[in-house]
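Participant: Have a look at the structure that comes next, please.
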Amino acid sequence: LPPPVLDQSGNNVIIMEASPLLRKLSNASVANFDEFSVVFYNHAVLLVRDCNRLDIVFDQYFSDSLKAQTRTGRGEAGTRVLNINDDTPFPSNFLSSFLCNSQNKNDLSLYLAPKLISIHQEYRRSQLQLCVSYKDTFLSLPPVDDAHFPISSTAEEADQKFVRHVLHCMKSGFSYIE
């Protein structure tokens with residue numbers, strides 16, 4: 001397939017799920033989660049060079065779901081839960097053990113989502129609007145026009161939120177959504 005032709009008006013948006021990028025960066029050579037968040041941000045922004053909005057969507061994890069029971073059956077209960085903050089050492093077993101625990105993944109999204117907005121503000125990339133959704137929270141810098149963006153979802157995967165992001169982008173007048 002040929003590469004997509006972006007709208008020359010620059011009215012383009014890319015919506016990405018956080019999980020694949022987390023897995024891709026699992027071998028990042030960083031000392032702590034603060035450094036990892038900068039690496040994550042830079043990789044995400046690099047993917048959207050010609051766009052003016054990037055939406056990053058995190059999965060959510062429910063303790064009483066069928067998927068949670070499946071994860072527990074796979075041995076998730078035996079993995080160590082970390083208290084994630086800027087200074088928390090980045091685990092060497094990020095992919096093989098850390099991301100196998102739903103509590104770690106949940107805590108990582110709670111840490112990483114606002115951190116990405118903070119980094120975006122620090123780097124002052126004003127030409128790019130960054131939108132991040134996790135759990136029932138939607139963060140945006142600069143702020144979106146519609147403060148009542150309906151992000152609530154009962155699904156663990158980001159799929160339902162992707163649809164909500166696409167609808168919001170269409171409503172906001174974006175002409176190219178990937």
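The values are calculated or read from the model by the stated rules, or taken from the named source; none is laboratory data. Bear in mind that the values here come from a model prediction, so they are computed numbers and not experimental data. Virtual Cβ from ideal backbone geometry, glycine too; neighbours counted across all protein chains shown. Please note that ligands, DNA and RNA were not included when accessible areas were found on the heavy atoms of the full protein model with its side chains. Shrake-Rupley method; radii C 1.70, N 1.55, O 1.52, S 1.80 Å.
Participant: How about segment 35-57: which of its residues are touching a residue at least 60 places away in the same chain (Cβ under 8 Å) and within 14 Å of I119 (Cβ to Cβ)?
Facilitator: If the condition is that a residue be touching a residue at least 60 places away in the same chain (Cβ under 8 Å) and within 14 Å of I119 (Cβ to Cβ), then S37, V38, F40, Y41, A44, V45, L54, I56 are the ones that fit.
Participant: For segment 131-153, which residues satisfy the criterion of being within 18 Å of N11 (Cα to Cα) and either touching a Lys or Arg at 6+ places or on another chain (Cβ under 8 Å) or at pLDDT 90 or above (or both)?
Facilitator: C131, D146 - these are the residues of segment 131-153 that are within 18 Å of N11 (Cα to Cα) and either touching a Lys or Arg at 6+ places or on another chain (Cβ under 8 Å) or at pLDDT 90 or above (or both).
Participant: Assess whether V30 counts as being of a type outside the set (D, E), modelled with pLDDT of 95 or more and either open to solvent by less than 10 Å² (accessible area, probe 1.4 Å) or in a loop (DSSP other than H, G, I, E, B) (or both).
Facilitator: Yes; evaluated as a whole, the condition is true for this residue.
Matching residues to (1) more than 19 Å from N101 (Cα to Cα); (2) of a type in the set (F, W, Y); (3) at pLDDT 75 or above; (4) open to solvent by 80 Å² or more (accessible area, probe 1.4 Å):
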site: D34; (1), (2), (3), (4): yes, no, yes, no
site: Y41; (1), (2), (3), (4): yes, yes, yes, no
site: A44; (1), (2), (3), (4): yes, no, yes, no
site: L47; (1), (2), (3), (4): yes, no, yes, yes
site: D55; (1), (2), (3), (4): yes, no, yes, no
site: F58; (1), (2), (3), (4): no, yes, yes, no
site: Y61; (1), (2), (3), (4): no, yes, no, no
